[in-house]
Amino acid sequence: MPVASFCAPRESEGNATLLVLVDSSQSEYAHVGETVLAALAHFGMPYRLHDLARGPLAARDLARHAAAVIAQEHLGPRLKPSDLKALLNALEGGLGLVNFDHDLGAYSDSLSDALGLAGSHAGGRVGVDGADALVVSQNSHFISYTQDAGATHRFRMPVPIALTRLKGPGASILAETAAGAPAVIATRIGQGRAVQWLVSPRLWLLQYFGHAHGLDDLFWKSIVWGARKPFVMKAMPPFVRLRFDDCNGLWRTAQDFRFVDVLNEFGHTPSLCLCMRAVTGDGARRISELHASGRAQFAPHTLAPGTSIFYGDERGPYPEPELRAIMKEVDELFARWGVRPSRILSDHDHEYSSPVVPLLKERGICFKMNITLPDERWTDIHVDWRPAPYGSMSYALDYLPDTRDLFVVFNHYPSFDYARGYLPNGRFLYNRAGGFGPYMWDFLNGLTTYRGDRGRNDIEAAAQRLAAHTRLGLDSLFFGGSITHSHFTEQFSEAEWRALLSRYEELTARHDKRNVPYELIAEYARGKFDTHLAGAGWDARAGAFHCALTGATRVPLELYVFRDVDDAVEHRFETVPEFNGRVDVSFAGS
């Protein structure tokens, strides 16, 4: 299989970049794109590659960077004694180090001594075992702050782990194995900060565990904490959106939209996807009011209960004249209501046909809230097209293959992976019910009195699921929020909605959140995807940061600017205006 394009290196210039150490002469180099480089690209972290197969490390190389990132396992034998000495000297002087290579026994003892680690085997030897889970030891450290202390993340298959112990009180254990062996430690070496991952970087391959599955905050915060400050990255801000689909025509009257008032009380601007012919006169007036006041966004979802707009019916795809007539009817309804429909395609059952794509383009619909391809029915065999940033069909920010007409902005909770059955040659089937038990992507599914699913509405479980979906999206630097449907929302009273959202706020209190419309997230994500932080430099004498960005964005972007505060890290945002081609921006570093 060819290397996916999102795994290819995309380097940057400047002294505020990361120096990523690899060795192209080793077979493990084939993993670096998926395990580390794809993540750095998604996080918007500027970096340069240093290939040890092409030359040794030198002090002057390290002096020009914010941190060194050892990205590949078994790299220890490639680092000459002089390389390691230069690295440790640079750490003493303030360079950061994040080592994703668990094979600590292959390095000189000088590295483990500096980290405050010793092998747990006889004579201080570092042994290797297999770990099938990672347990968060504590959440008082910046790196693990948004995790739950004691949370267990189970792997799909075991990964190697170096068996070590702390020699003294200098290092903090952030995560460990179920057996209690350190898995991630953070420490200081002179003026520098270092984070050592003692589990193999194979952890970040989807077959073992993967990105956007619950540990990405430890990954990116390891780098942010360790890097020399100020440090800049071009990641997604902490956006959160809520999306609601009416598949069955249950939103008819103004009364049916009363729950939106409660969502607004908590600062949400929901995306409401409508069953068009179901809306009554006073329901349409309510939709118009919500749209005019900016309290909700609206998209067409079904034409009538269970009836597709964008694909067809039991006979197959709509003929083009019928498709155009349906689209015209939808246009006329929105025009009558005085509503500009969302530019995000909300295709019922994730189904849309090839002939509808140019009609979407005519209407300015250029975003998609799922990853299915044209002409795929829900029950069909689907193509796993490995979207950026990680090749995951659960978390995707990427253009559909072979076109730039539709950009996918997708954040389905990855436990939904378990509702797929994979086939050879990059194909899969969906579970027809959309998941099972706790493995649901709808945060109310199975937790309401709908069709007797439960004896009561389970507010606590719903809040927990919504919080889990939001936290994972934010921790992975995508976006937070979840989806549910009208047949579930109608089961909740306004008081129950308030209780649910109050509990959700408690569960997400450690996370920065901006509740924004879905369309804003989509436009921002496309601008982020289409641009590159090509240069990041710190001028200490002038106290100024200089950044260069290339590409194009139709909305302003925000750069995270980090600074150290004692042992923690704080950040602010600096705005980059919309541009096409290249823009240079400068700002104070503190």
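The values are calculated or read from the model by the stated rules, or taken from the named source; none is laboratory data. Fair warning: this is a prediction, and the values are worked out from it, not measured in the lab. As a convention, Cβ positions derive from the backbone with ideal geometry for all residues, glycine included, and neighbour counts pool all protein chains shown. Calculation scope for accessible area: heavy atoms of the full protein, side chains included, ligands and nucleic acids excluded. Shrake-Rupley method; radii C 1.70, N 1.55, O 1.52, S 1.80 Å.
When the residues of region 532-552 are narrowed to those that are of a type in the set (A, V, I, L, M, F, W, C) and in contact with an Asp or Glu (Cβ under 9 Å, 6 or more places away or on another chain), which ends up surrounded by the most Cβ atoms within 10 Å (Cβ to Cβ)?
Keep residues of region 532-552 that are of a type in the set (A, V, I, L, M, F, W, C), which gives 533-534, 536, 538, 540, 542, 544-545, 547-549, 552.
If we keep only those that are in contact with an Asp or Glu (Cβ under 9 Å, 6 or more places away or on another chain) as well, we get 534, 536, 545, 547-549, 552.
Values: Ala534: 18, Ala536: 28, Phe545: 23, Cys547: 24, Ala548: 18, Leu549: 23, Ala552: 14.
Only one residue tops the list, namely Ala536.
Could you figure out which of (1) under 16 Å from Val232 (Cα atoms); (2) in contact with a Gly (Cβ under 9 Å, 6 or more places away or on another chain); (3) open to solvent by less than 30 Å² (accessible area, probe 1.4 Å) isn't true of Val569?
Tallying (1) under 16 Å from Val232 (Cα atoms); (2) in contact with a Gly (Cβ under 9 Å, 6 or more places away or on another chain); (3) open to solvent by less than 30 Å² (accessible area, probe 1.4 Å), Val569 fails exactly one: (2).
Residues being open to solvent by 40 Å² or more (accessible area, probe 1.4 Å), touching a Phe, Trp or Tyr at 6+ places or on another chain (Cβ under 8 Å), in a loop (DSSP other than H, G, I, E, B) and within 30 Å of Pro414 (Cβ to Cβ): count how many of those fall in region 329-374.
3
Determine the pairs where a residue that is of a type in the set (D, E, K, R), located within region 365-390, has a partner that is outside any loop (DSSP other than H, G, I, E, B) with Cβ atoms under 6 Å apart, the partner being 6 or more residues away or on another chain.
So the pair list comes out as Lys368/Leu345; Lys368/Val408; Glu376/His382; Asp384/Phe428.
Taking region 186-200 as the search range and keeping residues that are open to solvent by less than 20 Å² (accessible area, probe 1.4 Å) and not in a strand (DSSP E or B), which one is farthest from Ala568 (Cα to Cα)?
Across region 186-200, the extreme among qualifying residues is Ser200.
Within region 553-566, track down each residue that is touching a residue at least 24 places away in the same chain (Cβ under 8 Å) and either hydrophobic (A, V, I, L, M, F, W, C) or open to solvent by less than 70 Å² (accessible area, probe 1.4 Å) (or both). Spell out the reasoning first.
Here is the first cut: in region 553-566, the residues touching a residue at least 24 places away in the same chain (Cβ under 8 Å) are 553-555, 557-564.
Result: Thr553, Val555, Leu557, Glu558, Leu559, Tyr560, Val561, Phe562, Asp564.
A quick yes/no check of all residues on (1) at negative phi; (2) among the charged types (D, E, K, R); (3) under 33 Å from the mean Cα position of the chain (by Cα):
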site: His42; (1), (2), (3): yes, no, yes
site: Asp51; (1), (2), (3): yes, yes, yes
site: Arg60; (1), (2), (3): yes, yes, no
site: His65; (1), (2), (3): yes, no, yes
site: Ala68; (1), (2), (3): yes, no, yes
site: Leu111; (1), (2), (3): yes, no, yes
site: Gly119; (1), (2), (3): yes, no, no
site: Gln147; (1), (2), (3): yes, no, yes
site: Ala151; (1), (2), (3): yes, no, yes
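Inside region 392-408, can you point out the residues that are outside any strand (DSSP E or B) and closer than 26 Å to Leu520 by Cβ?
Step one: of region 392-408, the residues outside any strand (DSSP E or B) are 392-394, 400-406.
Ser392, Met393, Ser394, Leu400, Pro401, Thr403, Arg404, Asp405, Leu406, listed by residue number.
I'm told Arg154 meets every condition in (1) open to solvent by 50 Å² or more (accessible area, probe 1.4 Å); (2) out of contact with any Leu (no Cβ under 9 Å at 6 or more places or on another chain) except one. Can you identify the failing condition by its number?
All conditions are met except number (2).
Residues in region 393-400: is at least one under 22 Å from Phe6 (Cβ atoms), surrounded by 18 or more Cβ atoms within 10 Å (Cβ to Cβ) and out of contact with any Pro (no Cβ under 9 Å at 6 or more places or on another chain)?
Within region 393-400 (the criterion being under 22 Å from Phe6 (Cβ atoms), surrounded by 18 or more Cβ atoms within 10 Å (Cβ to Cβ) and out of contact with any Pro (no Cβ under 9 Å at 6 or more places or on another chain)), the answer is no, since none of the residues qualifies.
When you scan region 476-590 for strands (runs of 3 or more DSSP E) that lie fully inside it, which ones turn up with 3 or more residues that are within 28 Å of Leu400 (Cα to Cα)? Can you show your working first?
Details: elements: 483-485, 531-539, 544-553, 557-565, 568-576, 579-588.
Filter on region 476-590 gives 483-485, 531-539, 544-553, 557-565, 579-588.
If we scan region 430-442, do we find a residue that is open to solvent by 10 Å² or more (accessible area, probe 1.4 Å), under 22 Å from Leu242 (Cβ atoms), assigned to a helix (DSSP H, G or I) and out of contact with any strand residue (DSSP E or B) (no Cβ under 9 Å at 6 or more places or on another chain)? It would help to see each step written out before you state the result.
Quick first cut of region 430-442, residues open to solvent by 10 Å² or more (accessible area, probe 1.4 Å) only: 430-433, 436-441.
This time we only want the ones that are under 22 Å from Leu242 (Cβ atoms), so: 438-441.
Still in the running and assigned to a helix (DSSP H, G or I): none.
No: zero hits.
Can you find even one residue in region 71-83 that is outside any loop (DSSP other than H, G, I, E, B), open to solvent by 50 Å² or more (accessible area, probe 1.4 Å) and of a type in the set (Asp, Glu)? Working first, answer last.
Within region 71-83, the first condition is being outside any loop (DSSP other than H, G, I, E, B), and the residues that meet it are 76-78, 81-83.
Keeping just the survivors that are open to solvent by 50 Å² or more (accessible area, probe 1.4 Å) gives 77-78, 81-82.
From what is left, the residues that are of a type in the set (Asp, Glu) are none.
No, that holds for no residue.
Evaluate the following for Leu115: is it under 16 Å from Thr187 (Cα atoms), open to solvent by less than 10 Å² (accessible area, probe 1.4 Å) and among the aliphatic types (A, V, I, L, M)? Steps first, please.
Values: under 16 Å from Thr187 (Cα atoms): yes; open to solvent by less than 10 Å² (accessible area, probe 1.4 Å): yes; among the aliphatic types (A, V, I, L, M): yes.
Answer is yes for this residue.
Read through the list (1) open to solvent by 10 Å² or more (accessible area, probe 1.4 Å); (2) in contact with an Asp or Glu (Cβ under 7 Å, 6 or more places away or on another chain), then give the number of the only condition that Ala183 fails.
The number of the failed condition is (1).
Looking only at residues that are under 26 Å from the mean Cα position of the chain (by Cα) and among the small types (Gly, Ala, Ser) in region 538-570, which one is nearest to Gly589 (Cα to Cα)?
The selected residue is Ala548.
In region 60-110, which residues are of a type in the set (D, E, K, R), in contact with a Leu (Cβ under 6 Å, 6 or more places away or on another chain) and at pLDDT 95 or above?
Filtering region 60-110 down to residues of a type in the set (D, E, K, R) leaves 60-61, 64, 73, 78, 80, 83, 85, 92, 101, 103, 109.
Okay, now just the ones that are also in contact with a Leu (Cβ under 6 Å, 6 or more places away or on another chain), so 78, 83, 101.
Within region 60-110, just Asp101 meets the criteria.
Filter region 84-100 down to residues that are under 21 Å from Asp567 (Cα atoms), among the hydrophobic types (A, V, I, L, M, F, W, C) and not in a helix (DSSP H, G or I), then give me how many there are.
So the answer is 3.
Please verify whether Leu57 is in contact (Cβ under 8 Å) with a residue 40 or more places away in the chain and touching a Leu at 6+ places or on another chain (Cβ under 8 Å), treating the condition exactly as stated. Outline the logic, then answer.
Numbers: in contact (Cβ under 8 Å) with a residue 40 or more places away in the chain: no; touching a Leu at 6+ places or on another chain (Cβ under 8 Å): yes.
Answer is no for this residue.
Here are the criteria: (1) within 30 Å of Gly267 (Cβ to Cβ); (2) open to solvent by less than 20 Å² (accessible area, probe 1.4 Å); (3) not polar (S, T, N, Q). Tell me which single one Ile326 does not satisfy.
(1)
Can you tell me which of Arg343, Arg324 is charged (D, E, K, R) and touching a residue at least 60 places away in the same chain (Cβ under 8 Å)? Before the answer, list the steps.
Details: Arg324 fails: touching a residue at least 60 places away in the same chain (Cβ under 8 Å).
Step by step, each of Arg343, Arg324 is checked, and only Arg343 is charged (D, E, K, R) and touching a residue at least 60 places away in the same chain (Cβ under 8 Å).
Hey, Thr508 hits all of (1) modelled with pLDDT of 95 or more; (2) over 17 Å from the mean Cα position of the chain (by Cα) but one; which does it fall short on?
(2)
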